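Structure first, commentary second.
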Amino acid sequence: MISVATVFATLFGIPLGVLLHVSAPNGLRPLPVLHRILGVVADFGRSVPFIVLIVLLQQIVTRPLLSTSIGPTAAIVPLAIGAVPFLGRLVQSALREVDATVVEAAVTTGASRLRIVRSVLLGESAPALVSAVGVTAVTLVGFSAIAGVVGGGGLGDLAIRYGYQRYDDRIMWTTVIVIGLLAMLLQFLFDRVARLIDRRRHVTA
Amino acid sequence: MITVDNLVKSFSSRAGSVRALNGVSLEVQAGSVCGVVGPSGAGKSTLARCIALLERPDSGAIRVDGTDLVSLDGSRLRAARRQIGVVPQGDSLLRQRTAAGNIALPLESAGVDGPVRRKRVGELLDLVGLTDKAASYPDQLSGGQRQRVAVARALAANPAVLLADEPTSALDPETTGSVLTVLDRARAELGVTVLVVTHDMAVVRRICDDVAVLEDGKVVEHGKVLDLVSDADSRTAATLLPGLDQGEGLIGTHDRVADVVLVGFAAVGALLPEASNRFGVELAVLGGGLTRLGETPVARFRVGINGERADSALEWISEAGAVVRRTPKGPQGVAA
């Protein structure tokens, strides 16, 4: 559930972040109106409480798309959509970290905007992007617990149903610890990959 | 080769409008190295950014091979950019790419790929002397090596003009030498026209054929370095030639005192002793010294001459091609 949602979030979140970045007033292709619209979408999307998002999307997206609005598969839809604006903003700030001198140097080589986005912006921020996807994945672990309300299943669901509603402290604590460990593992893996692909300050002995 | 014609560029801010370039004109001959120098705030960076086609001037033209580039857009602008290789100010390499990968970037933009691209990258690494660093990442290279990679990248797409914006500003004098050598090699081996924007007169001294002095957004001096040093009023001469502020105390003891600028091997080596022999005068060097502009030795001496034919000797030196400027002697009475 989390992995599929993360993949979808990445597929849409990175392009959203790129568009936010390049359409900015001092971006590669300043488009003030688009920038404003995307900014509103991204901020509005992040501000909607996840539980509300699930219900909101049930009728307008989830059911038309999957012809069901309950169960683990259906939960992927709000998870992915909820994560897109979040990741989009993270991607935008990662791209902002790419040095303007480096981008300008690429401009002077006569590179097209598409190439600059691909080779320079995405290429240079690749480690930061991996981290951003990692943070998103960990956030989705938290979100997925709420997905229990639509029968999304998962550990959060377990904690609420058995731990809270049946006063079973053992299950409650076990699930909390397992969720924590899962989040830590995800973070560790993404950090590891980010470090592996980062070519900065690699000292060859 | 590259002509900058009456460039004007203003920036407006809340504090008011600043005219960074106020009618800058400049001409650089094909295959020569021209230095643009001047104090900070003179407009050097703005000029460099305009020529790099990163900034659009308010008016004026930048012509490469007769074609004006400032008004181009879209794909024609991108094509024009490939004619001007730029070594930007500061660190500009992709840090996630190897030296070879960085040099390949302009070739990718130009649609050159496969073995042709690899061969070209190899040639450029060779030109800048970094063949063994092909697979190194920028963070594994020294500042000078990174700058040489930036030069190789700027040359990758075979530009007609190479523009270097403060290429040595962050480097120590030794490393500066290695970067300047590479710029000079680019001109010699590829025939590229080089424009160096710098505050460092050592750059002019080492590699420039021509120099343009920028001040308050205007070119106040422009010409061949070797011509300008012969011009007593030139600022370029004042900064490039050896200083004269020695030997003031000795001036009074000579019949004639003159400042002599000598350009070239023959002049520097032989002119003064020969004058001394020919006219039977006693000739003493009171100040000044010898320097080198590119490959050419250049000297400026303050000489004191004793002897009846001192004037004739000075005249002869002047006719032989040196620039002679007589210095008013101290009060005559004291000398005697």
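Within the stretch B:165-182, can one find any residue that is crowded, with 21+ Cβ neighbours inside 10 Å and among the charged types (D, E, K, R)? Within the stretch B:165-182 (the criterion being crowded, with 21+ Cβ neighbours inside 10 Å and among the charged types (D, E, K, R)), the answer is yes, since at least one residue qualifies. One residue is enough: does the stretch B:165-172 have a residue meeting the conditions out of contact with any strand residue (DSSP E or B) (no Cβ under 7 Å at 6 or more places or on another chain) and either outside the structural domain of B:Leu69 (by TED's automatic domain parsing) or in a helix (DSSP H, G or I) (or both)? No; the residues of the stretch B:165-172 include none that is out of contact with any strand residue (DSSP E or B) (no Cβ under 7 Å at 6 or more places or on another chain) and either outside the structural domain of B:Leu69 (by TED's automatic domain parsing) or in a helix (DSSP H, G or I) (or both).
Summed over the stretch B:3-17, the residues that are over 18 Å from B:Ser59 (Cβ atoms) and in a strand (DSSP E or B) give a count of 2. Selection over the stretch B:50-92 of residues that are at the interface with chain A (Cβ under 8 Å from one of its Cβ atoms), over 13 Å from B:Ala160 (Cα atoms) and either touching a Phe, Trp or Tyr at 6+ places or on another chain (Cβ under 9 Å) or charged (D, E, K, R) (or both) gives a count of 2.
Which residues, counting only those in the stretch B:196-234, are of a type in the set (Lys, Arg) and either within 22 Å of B:Gln89 (Cβ to Cβ) or crowded, with 23+ Cβ neighbours inside 10 Å (or both)? B:Arg205, B:Arg206, B:Lys218 - these are the residues of the stretch B:196-234 that are of a type in the set (Lys, Arg) and either within 22 Å of B:Gln89 (Cβ to Cβ) or crowded, with 23+ Cβ neighbours inside 10 Å (or both).
Among the residues of the stretch B:188-228, those that are part of a helix (DSSP H, G or I), over 13 Å from the mean Cα position of the chain (by Cα) and either under 12 Å from B:Val33 (Cβ atoms) or free of Cβ contacts under 8 Å to residues at least 60 places away in the same chain (or both) comprise B:Ala188, B:Asp227. Evaluation of A:Thr101 against the conditions (1) closer than 22 Å to B:Thr98 by Cα; (2) touching a helix residue (DSSP H, G or I) at 6+ places or on another chain (Cβ under 8 Å) shows that the sole unmet condition is (2).
Does B:Arg185 satisfy being more than 12 Å from chain A (Cβ to nearest Cβ), of a type in the set (Lys, Arg) and part of a helix (DSSP H, G or I)? Against the criterion (more than 12 Å from chain A (Cβ to nearest Cβ), of a type in the set (Lys, Arg) and part of a helix (DSSP H, G or I)), B:Arg185 qualifies. Can you go through A:Val40, A:Val107, A:Val117, A:Val84 and tell me which one is surrounded by fewer than 14 Cβ atoms within 10 Å (Cβ to Cβ), out of contact with any Cys (no Cβ under 8 Å at 6 or more places or on another chain) and in a helix (DSSP H, G or I)? After ruling out the rest, the residue left standing is A:Val40.
The values are calculated or read from the model by the stated rules, or taken from the named source; none is laboratory data. Computed from a prediction, not measured in an experiment: that's the story for all the values here. Positions of Cβ are backbone-derived with ideal geometry, glycine not excepted, and every protein chain shown enters the neighbour counts.
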